[in-house]
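First the structure, in the form of structure tokens, and then the observations on it.
The values are calculated or read from the model by the stated rules, or taken from the named source; none is laboratory data. In this text, all values refer to a predicted model and were calculated from it rather than measured experimentally. Note that we place each Cβ from the backbone using ideal geometry, even for glycine, and neighbour counts take in every protein chain shown. Only protein heavy atoms, including side chains, enter the accessible area calculation; ligands, DNA and RNA are left aside. Shrake-Rupley method; radii C 1.70, N 1.55, O 1.52, S 1.80 Å.
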Amino acid sequence: MSSKNILSFEEIKEVYHQPLLELIYRAATVHREYHKTGEVQVCTLLSVKTGGCPEDCAYCPQAARYHTDVKTHKLMDVDEVLSKAMDAKQNGSTRFCMGAAWREVRDNKDFDKVLGMVQEVNKIGLEVCCTMGMLTETQAKKLKEAGLYAYNHNLDTSEEYYDKIITTRNYKDRLNTIGNVRNAGISVCSGGIIGMGESDDARIGMIHTLANLPSHPESVPVNALVAVEGTPLEEMKRVSVFEMVRMIATVRITMPRTMVRLSAGRLDMPVAEQAMCFMAGANSIFAGDKLLTTPNPSFTDDMQMFELLGLKPREAFKNENIKELA
Ligand code: SAM
Ligand code: DTB
Ligand code: SF4
């Protein structure tokens, strides 16, 4: 498990508000100490069950109550998922994350099917990740036995701002699932979204919660809101790269061993902006022209970016924290 110091909100606030170039320099220094620079993990997302979700997450195009263009789709078949995972591997992806628009995982046939997906994708040597809503500890253990490597469950924002974004569950529910994942020996992936109208303090608050979990999450995704028509946040202005960089750098400094995943919001980011994010400590991207339901840069564009910046795709199972979990 990761060793860590207890950091107060004020200490993290001080890190976050440093002059930007100083902050990037410090984050890059920490990054070099703990990670191979120039290595960025390429991951692939697949929505295995799309839309029709009962939750009310204000950012999400998959919530049934909002009128978006997302077409609902029942849980995919294992063979179909495996074939997408093989394509992803062929394209150099080392982590495959399956998303389901569920409030929580239920003990039914669909869960058995998910266990089958995890088994098959694990067999081809990819880090298997799922993001499917709340989990009990028993379900987490079953996923672990099936070969699940990581589980994504985002805090999304701070505890204080949470009910401005989601009312159908609370922060404690989120933390419980993260605890269940941790107790099952699965690698924890938890982060959030910026650009939802939250203050700097809300961003810092989220980092504070993550950095003070009993052990640091092995992965922290930083998403820029993709404002989707039909959702309550459709009118939100895109965050600037400077805000993304500030967030990424603060996560890097406060959780040095963690994989910092530059997640949603890369579509409109020029290479120079993405380069700043990598400099500030981001070391993973989602590749392929779709995230779960929204567009993402093409694989070819990303490979050109890697070439231009001298980046190498990172191998699977390289997170130092996780070695000790096995
Ligand atoms: N239903 C599960 C859950 O909410 O935990 C898993 C799927 S959910 C789509 C996974 C994560 O995607 C969310 O926690 C959120 O952080 C991110 N996400 C969803 N819609 C987004 C958007 N429009 N922009 C940025 N991130 C988004
Ligand atoms: C995360 O933090 N971001 C990814 C992954 N974890 C599951 C999902 C981003 C979804 C963006 C909106 C969409 O494509 O539907
Ligand atoms: Fe459902 Fe997850 Fe979307 Fe929330 S983020 S509406 S829980 S799919």
Considering only residues of the range 90-117 that are in a loop (DSSP other than H, G, I, E, B) and free of Cβ contacts under 8 Å to residues at least 24 places away in the same chain, which is nearest to ASP56 (Cα to Cα)?
ARG106
Selection from the range 186-231 of residues within 16 Å of ligand 1 (Cβ to nearest atom), under 16 Å from the mean Cα position of the chain (by Cα) and aliphatic (A, V, I, L, M) yields ILE186, VAL188, ILE193, ILE194, MET206, ILE207, LEU210, VAL220, VAL222, ALA224, LEU225, VAL226
Suppose we keep only residues that are closer than 14 Å to VAL220 by Cβ and out of contact with any Leu (no Cβ under 9 Å at 6 or more places or on another chain) within the range 255-302. Which one would you say is surrounded by the most Cβ atoms within 10 Å (Cβ to Cβ)?
GLY281
The listed residue being open to solvent by 40 Å² or more (accessible area, probe 1.4 Å), at pLDDT 95 or above and away from ligand 2 (no atom under 11 Å from the Cβ), out of GLU307, GLU315
GLU307
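I'd like to know if the range 118-128 contains one or more residues that are in a strand (DSSP E or B), within 16 Å of ligand 1 (Cβ to nearest atom) and buried (at least 21 other Cβ atoms within 10 Å of the Cβ).
Kept after step one, since they are in a strand (DSSP E or B), are these residues of the range 118-128: 127-128.
Now narrow it down to the ones that are within 16 Å of ligand 1 (Cβ to nearest atom): 128.
Then keep just the ones that are buried (at least 21 other Cβ atoms within 10 Å of the Cβ); that gives 128.
Taking every residue of the range 118-128 in turn, at least one turns out to be in a strand (DSSP E or B), within 16 Å of ligand 1 (Cβ to nearest atom) and buried (at least 21 other Cβ atoms within 10 Å of the Cβ).
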Return a yes/no flag: does the range 34-46 have any residue that is hydroxyl-bearing (Ser, Thr, Tyr) and either touching a Gly at 6+ places or on another chain (Cβ under 6 Å) or within 16 Å of ligand 3 (Cβ to nearest atom) (or both).
yes
Report yes if some residue within the range 121-144 is modelled with pLDDT of 95 or more, more than 30 Å from PHE306 (Cα to Cα), among the acidic types (Asp, Glu) and within 15 Å of ligand 2 (Cβ to nearest atom); otherwise report no.
no
Restrict the check to the range 70-79 and report whether at least one residue is within 13 Å of ligand 3 (Cβ to nearest atom), assigned to a loop (DSSP other than H, G, I, E, B) and hydrophobic (A, V, I, L, M, F, W, C).
yes
Can you spot a residue in the range 177-184 that is crowded, with 22+ Cβ neighbours inside 10 Å, within 10 Å of ligand 1 (Cβ to nearest atom) and β-branched (Val, Ile, Thr)?
yes
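Specify which of the listed residues (ASN5, ASN108) is open to solvent by 30 Å² or more (accessible area, probe 1.4 Å), of a type outside the set (Lys, Arg) and modelled with pLDDT under 95.
Working: ASN108 fails: modelled with pLDDT under 95.
That would be ASN5, the only listed residue that is open to solvent by 30 Å² or more (accessible area, probe 1.4 Å), of a type outside the set (Lys, Arg) and modelled with pLDDT under 95.
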Exactly one condition in (1) aliphatic (A, V, I, L, M); (2) over 24 Å from GLN18 (Cβ atoms); (3) open to solvent by 10 Å² or more (accessible area, probe 1.4 Å) is false for VAL239; which is it?
(2)
Among the residues in the range 192-199, are any at positive phi, assigned to a loop (DSSP other than H, G, I, E, B) and away from ligand 2 (no atom under 16 Å from the Cβ)?
yes
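Do the conditions hold for GLU160, that is, is it within 17 Å of GLY185 (Cβ to Cβ), more than 19 Å from the chain's Cα centre (by Cα) and open to solvent by 10 Å² or more (accessible area, probe 1.4 Å)? I'd like the intermediate steps shown before the answer.
Working: within 17 Å of GLY185 (Cβ to Cβ): no; more than 19 Å from the chain's Cα centre (by Cα): yes; open to solvent by 10 Å² or more (accessible area, probe 1.4 Å): yes.
When the stated conditions are applied, GLU160 does not pass them.
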Can you tell me which residue among VAL226, VAL222, VAL251 is closer than 18 Å to TYR59 by Cβ, touching a residue at least 24 places away in the same chain (Cβ under 8 Å) and either open to solvent by less than 10 Å² (accessible area, probe 1.4 Å) or not in a loop (DSSP other than H, G, I, E, B) (or both)?
VAL222
Restricted to the range 48-60 and to residues being within 9 Å of ligand 1 (Cβ to nearest atom) and open to solvent by less than 20 Å² (accessible area, probe 1.4 Å), the residue nearest to THR168 (Cα to Cα) is GLU55
Quick one: is ALA150 crowded, with 21+ Cβ neighbours inside 10 Å and farther than 20 Å from MET244 by Cα?
yes
